1. Let me see the pair-distance distribution of chain B: every alpha carbon pair, 20 Å bin width, integer percents in order.
2. Using C-alpha positions alone, give me the convex hull volume of region A:16-130 per residue in cubic angstrom.
3. From the square roots a ≥ b ≥ c of the eigenvalues of the alpha-carbon gyration tensor of region B:230-327, which class results: rounded (a/c under 1.5), prolate (a/b over b/c), or oblate?
4. Give me Rg/Rg_expected for region A:65-173, where Rg uses Cα atoms only and Rg_expected = 2.2 N^0.38 Å with N residues.
5. Is any helix in chain A, taking whole DSSP H runs, at least 15 angstrom long along its axis by alpha carbon and on average at least -1.0 on the Kyte-Doolittle scale, and which ones?
6. With +1 assigned to the C-beta of every Lys and Arg and -1 to the C-beta of every Asp and Glu, and no other charges, what is the dipole magnitude of region A:333-424 about the Cα centre in debye, to the nearest 20?
7. For region A:280-399, compute Rh as the Kirkwood radius over C-alpha pairs and then the Stokes-Einstein diffusion coefficient at 4 °C and 1.567 mPa s; write the answer in µm²/s, rounded to an integer.
8. Provide the descending list of Cα extents for region B:163-217 along its principal axes, expressed in whole angstroms.
Protein chains: 2
Amino acid sequence: MTTASICTIGDEILIGQIVDTNSAHISRALNDLGIRVSEMVSTGDRLADIISTLESGLRKNDIVIVTGGLGPTKDDITKKALAMLSEAECWKRNPEQLEIIHRILSARGLDVLEINLAQADVPDTCTVIPNKLGTAPVMVFDFPKERFGHNATLYSLPGVPFEAIGALNDVMSDIRSKYSVSDIYHKTVMTFGIAESALSEMISEWEDNLPSDMHLAYLPNPLTGVRLRLSIYGGERSVQESRINERLEDLEAILGDAMYSDEDETLETCIGKLLKGTGMTISTAESCTGGTIAAMLTSVAGSSEYYLGSVVSYANNVKTEVLGVDEKILVRHGAVSSECVAAMADGVRRLTGSDFSIATSGIAGPGGGSDAKPVGLVWIGVSSQKSTETFSMVFKGDRKRNIERFAANALNILRKKLVNELNN
Amino acid sequence: MTTASICTIGDEILIGQIVDTNSAHISRALNDLGIRVSEMVSTGDRLADIISTLESGLRKNDIVIVTGGLGPTKDDITKKALAMLSEAECWKRNPEQLEIIHRILSARGLDVLEINLAQADVPDTCTVIPNKLGTAPVMVFDFPKERFGHNATLYSLPGVPFEAIGALNDVMSDIRSKYSVSDIYHKTVMTFGIAESALSEMISEWEDNLPSDMHLAYLPNPLTGVRLRLSIYGGERSVQESRINERLEDLEAILGDAMYSDEDETLETCIGKLLKGTGMTISTAESCTGGTIAAMLTSVAGSSEYYLGSVVSYANNVKTEVLGVDEKILVRHGAVSSECVAAMADGVRRLTGSDFSIATSGIAGPGGGSDAKPVGLVWIGVSSQKSTETFSMVFKGDRKRNIERFAANALNILRKKLVNELNN
């Protein structure tokens with residue numbers, strides 16, 4: 001199997017100043033070609049470290065993809081390291097990249113300085129894939145078998161994420177032309193409401209019976225629940241895909257409505273799919289979640305088709321005056337109560353004229369809890385023309401984590417309500 | 001100088017399904033102790049790969065911090081790899097972690113399964129730092145000089161970011177007790193509204209005149225602006241701190257109100273500090289930001305003292321009926337207009353009875369733009385008893401990034417209004 005190493009260069013990553021997102025994009029592209037990424041490495045702007053990291057990657061893998069360290073300033077030394085590693089004799093100025101540099105800088109109204117032109121200079125040991133989105137070209141170094149014990153190719157990509165991602169298509173075609181790539185098939189299903197360990201027990205028999213070439217991964221996330229990913233390398237697409245689908249059908253039978261999607265998507269995207277084209281609308285009334293549910297729902301492009309709005313009723317007078325919650329409810333039961341979230345949900349549905357609504361009221365912490373109503377307690381109300389229901393849960397996180405769990409559980413309750421009522 | 005390697009374990013990273021954010025947090029903590037991070041490595045869930053990566057890290061560094069692969073499920077094999085690497089003879093069940101596991105699961109109302117209890121099992125070759133936030137303990141392996149040519153320590157942390165970050169304090173104290181760490185003094189100031197490159201030009205003379213032992217780092221973030229961190233290694237605390245403070249006073253004179261704090265804090269925390277104890281209150285009306293501003297403001301503990309609530313008026317009928325925006329404004333100027341955000345801001349202030357308010361309306365994209373009102377355009381209104389003002393800006397990001405920038409800029413406008421009116 002063809003393998004690859006992804007290497008990121010730059011002190012800003014090693015000191016924790018920026019998070020490397022390029023490697024995830026590159027590895028997805030490689031995985032889609034059926035190339036196994038054996039490691040990702042980040043190293044600093046030191047010549048010796050860069051060269052030893054790249055040599056080690058080339059010894060162990062067919063392909064090394066390196067990003068970063070190609071800027072015009074003095075602290076960027078990847079190109080120098082690559083020239084040394086490939087034993088280059090001189091620099092060549094690449095005419096295609098040169099033209100792009102002129103075009104980009106003049107479009108920005110900037111003078112073209114020698115420091116900019118020098119970005120088109122590459123070691124004579126590489127071929128160039130022009131970078132249409134930036135000034136630093138993609139360099140391709142092919143190493144003969146004698147050098148690392150096997151044919152090996154190194155691709156040097158710019159570090160700017162937008163440019164690195166933009167170059168990926170060309171890089172992947174070059175890889176396809178040089179290496180035998182086996183396909184990878186994988187499918188992700190989304191579950192919510194069952195902890196990873198309980199899920200693992202629940203499906204352990206199913207998991208134990210998986211064929212040995214199928215691999216299952218658990219990917220827990222507080223906002224989306226546990227993702228389960230089933231994958232196989234190699235074989236024929238139609239055969240492997242139907243083998244995976246068969247297993248997932250069995251899985252769905254075990255998981256029931258805890259499985260909310262057979263695609264890699266969030267609860268809010270799933271809710272959007274349920275609502276789109278139905279003409280049905282939703283609204284939200286949030287106390288403890290403070291707008292987080294609204295922000296999640298509106299993160300989906302096109303959500304204005306079905307999402308009308310929210311009242312974040314942090315203060316009690318907003319609950320009574322805007323949402324119309326009866327003051328007696330607040331006095332008798334308090335804001336964190338079944339009665340209050342039911343009234344909030346009904347209130348926002350009336351106010352906005354939506355078909356469905358959810359409401360939250362709880363204690364995110366750190367302060368404000370009592371024995372009867374501890375920090376981490378949330379009440380969630382869900383309302384439609386047919387019925388209004390309420391649920392309560394307790395979580396033990398910090399403020400941020402509690403708010404996330406409150407919001408995700410509210411979305412899951414809304415999802416279940418939509419599934420029930422829209423299908424009937 | 002003491003050096004460290006950070007290692008992340010999990011197929012989900014190598015296939016690009018999740019982005020590793022733990023390493024950045026860990027490297028910041030290590031850098032704060034004056035420990036140089038020499039590399040970051042991600043490897044998959046394969047026993048041989050894990051062991052060889054860790055061995056290589058331990059050979060080259062004093063400290064290796066590894067995260068991930070500690071879940072209860074079968075695909076998580078870090079613990080097994082660590083047992084082999086450290087030549088463990090048996091497993092020990094750690095009583096402190098066991099108690100935490102019981103407490104966490106019972107608080108969640110879950111049964112305690114054998115698979116959960118087994119998370120407290122650790123190789124007999126390690127010591128344990130209990131993980132109070134989750135079920136998998138932190139394991140500490142001390143290797144004698146003979147093994148890797150120098151004393152070396154490996155820390156195994158859970159992969160869940162919340163738990164990994166939560167364990168960092170204890171891990172750093174353990175490192176302090178075992179390795180010579182030089183003290184580091186640093187202070188961060190927060191700026192907003194000036195791009196990194198423009199900021200760098202603006203303060204270049206000040207920066208050039210910094211003493212050679214002071215280091216300046218730029219840490220840009222769309223939600224908080226550019227953080228500037230000034231640091232010195234070693235020396236006497238009181239002397240070094242006053243040297244840093246002197247330089248920062250000069251910096252403040254250059255930056256003016258673009259500098260919003262001399263602590264490492266967010267805009268919403270800064271707004272909270274301005275309001276606390278004044279008896280003044282705020283509210284928000286959000287269209288394009290869809291609850292993001294409310295969520296940011298309420299992420300601050302104690303925000304209920306001054307934050308009354310928000311109307312997320314995604315649909316136009318919520319703007320007119322709940323916020324009282326005149327329909328003529330929507331017809332004549334559209335929802336994305338100066339007139340609309342002014343009316344929204346005034347409306348929500350009236351509705352909630354708050355002293356100050358902000359409102360947003362814009363086009364986050366990807367669709368919905370026009371030549372006159374392109375994707376990325378936002379109008380922001382800010383209102384108080386004294387005056388209502390509006391501002392417009394255009395950003396060029398994707399939907400998520402645009403929403404973040406809209407929200408952060410609205411908070412910054414509110415902050416400036418508060419500074420002006422509360423001080424007069």
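1. Percent of Cα pairs in each bin: 22, 42, 32, 4, 0.
2. 141 Å³
3. Verdict is prolate for region B:230-327.
4. For region A:65-173, the normalised Cα radius of gyration comes out at 1.06.
5. Sorted by number, the helices that extend far enough and score high enough are A:22-32, A:47-60, A:95-107, A:161-178, A:237-255, A:338-352, A:399-422.
6. Value, rounded to 20: 240 debye.
7. Taking Rh from Cα pairs, D becomes 91 µm²/s.
8. 42, 29, 13
Read-outs throughout are calculated quantities, based only on the coordinates presented, and are distinct from any laboratory measurement. Just so you know, these numbers come straight off a predicted model, no measurement behind them. Please note: Cβ atoms are built from the backbone with ideal geometry, for glycine as well, and neighbour counts cover all protein chains shown.
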